[in-house]
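What follows is a single structure, written as structure tokens, with notes after it.
The values are calculated or read from the model by the stated rules, or taken from the named source; none is laboratory data. What you are looking at is a predicted structure, and each value in this text was computed from that prediction instead of being measured. We place every Cβ from the backbone using ideal geometry, glycine too, and count neighbours over all the protein chains shown.
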Amino acid sequence: MRNYNSVYIILVIFFQSACAELPTRVNGQPLPSLAPMLEKIMPAVVNISSSTHTRSSNNPLFNDPFFQRFFNIPEQQNQSRGSGVIIDAKAGYVVTNNHVIDKADEISITLLNGEQINAELIGADPETDIALLQVPPEKLTAITLADSSQLRVGDFVVAIGNPFGLGQTVTSGIVSALGRSGLGIEGYEDFIQTDASINPGNSGGALVNLRGELVGINTAIIAPGGGNVGIGFAIPSNMVEQIINHLAEFGEVKRGQLGIQLQELTPKLATAFGMADTKGALVAKVEQETSADKAGLQSGDVIIAINNKTIKSATDVRNKIGLLRVGEQVKITVMRKGKTYNFYAIIADSKIMGGTISLYLKGTVLQDSNDGILIQEVTKNSNAWKIGFRKDDIIIGFSRREVETIDDLINYFKRYNTRSIQIRRDGDILSVWLN
């Protein structure tokens, strides 16, 4: 005969154990959790809503404001959503991506508690995709900025934002790579790459370390299928800090220049200049009477450090110079004929002017081709010749954005203030800067 009382007792003990709370400690140690850190900083991450009012018609004539009013063409409202981070509670400063609020007529932020506040745009920088907003400094929680130069590949990070408009969401991962550039996403690129899930709507949100400090602003993903595949990019906090200092003071970024044209250091060139590797940037040309010329730089110099920070590429030089203030002194370390020299230059006002791309390409004969824009002829000593264009060069990019036709080149020139042209010459990719 079976002992059913014993079976009953065993089942009761089993179900009591199954329904018991999970332990908060193991061997006397608390279980690891991100919750305490997140509870402190999540109020600093906000949702951003921006709206743009437009009137449109299939008839181009009706796009004129006079005809819009006369014919009473209905107004359309386009809305976009993203994320932002409160970085200064006293000043009410909120940082986000430029593309989140670009051309917006109205901007508002929604706090973690659901409160909605109208925001004012202080300034934006499309070249780094950073925008600075301001809201009334009442009951705000700010996040501390970390030194992103201390990040290492493999460090744990957490992404906070508003993916797909769902509301505040947290994902975690690691730093997959540092110093990513040449992606053609922004004019100035020095991205943190992470596998923490970043999706549409996360733009402008926070990437934080395990101490709850801001290490980056989430900005872009590589998403062939439209969703996260584990390759996301964030703008480093050090770059963000430099940009927002410009925006807070001037409402824009006042970039300067040295007056040099740079070229990537290929293995062939590195060998020719006696370099052990391809880290550095070759000075292809020094413009006369510029800061670089006055400081003593020469064509053929290889820049290996700026302000004691190692230079990896021509893009690296451009990033570092582009983030310095006009009038600031910069230390440039170069290799020249096997020896190391230090030069000191003053960042000068940028001489990039308006006008048309034809001013820079004057003296060339261009033709669209399957590979890009072919430069068929260049008149010696013309503007184009002095800038650095040569016969049979193929224009393939503008400020790291792919160019296929002459129309692409004209449109990009009108749209972007930071201007460089990428060309293919004898199998090498070179950048020509439009100073």
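ILE221 meets all of the listed conditions (1) aliphatic (A, V, I, L, M); (2) closer than 29 Å to THR141 by Cα; (3) in contact (Cβ under 8 Å) with a residue 40 or more places away in the chain but one, namely (3). Output the number of residues of the range 126-143 satisfying the condition of being over 18 Å from the mean Cα position of the chain (by Cα) and more than 18 Å from SER83 (Cβ to Cβ). The qualifying residues number 4. Looking at the range 114-167 only, could you name the residues that are farther than 23 Å from LEU34 by Cα and β-branched (Val, Ile, Thr)? Within the range 114-167, ILE117, ILE122, THR128, ILE130, VAL135 meet the criteria. Taken over the range 155-173, the criterion of being of a type outside the set (Val, Ile, Thr) and touching a strand residue (DSSP E or B) at 6+ places or on another chain (Cβ under 6 Å) is satisfied by ASP155, PHE156, ALA159, GLY161, ASN162, PRO163, GLY165, SER172, GLY173.
Only one entry in ILE406, ILE423 is modelled with pLDDT under 85 and outside the structural domain of GLU287 (by TED's automatic domain parsing), namely ILE406. Consider only pairs whose beta carbons are under 6 Å apart and that are at least six residues apart or on different chains; among these, list those whose first residue lies in the range 396-416 and is within 17 Å of THR128 (Cβ to Cβ) and whose second residue is exposed (fewer than 15 other Cβ atoms within 10 Å of the Cβ) and not polar (S, T, N, Q). Taking only residues 6 or more apart or on different chains, the pairs are ARG400/GLY184; ARG401/GLY184. A count restricted to the range 96-111 and to residues that are without any contact (Cβ under 8 Å) to a residue 60 or more places away in the chain and under 24 Å from GLU213 (Cα atoms) stands at 1.
Do we find a residue being hydrophobic (A, V, I, L, M, F, W, C), out of contact with any Cys (no Cβ under 9 Å at 6 or more places or on another chain) and closer than 20 Å to LEU178 by Cα anywhere in the range 288-295?
no
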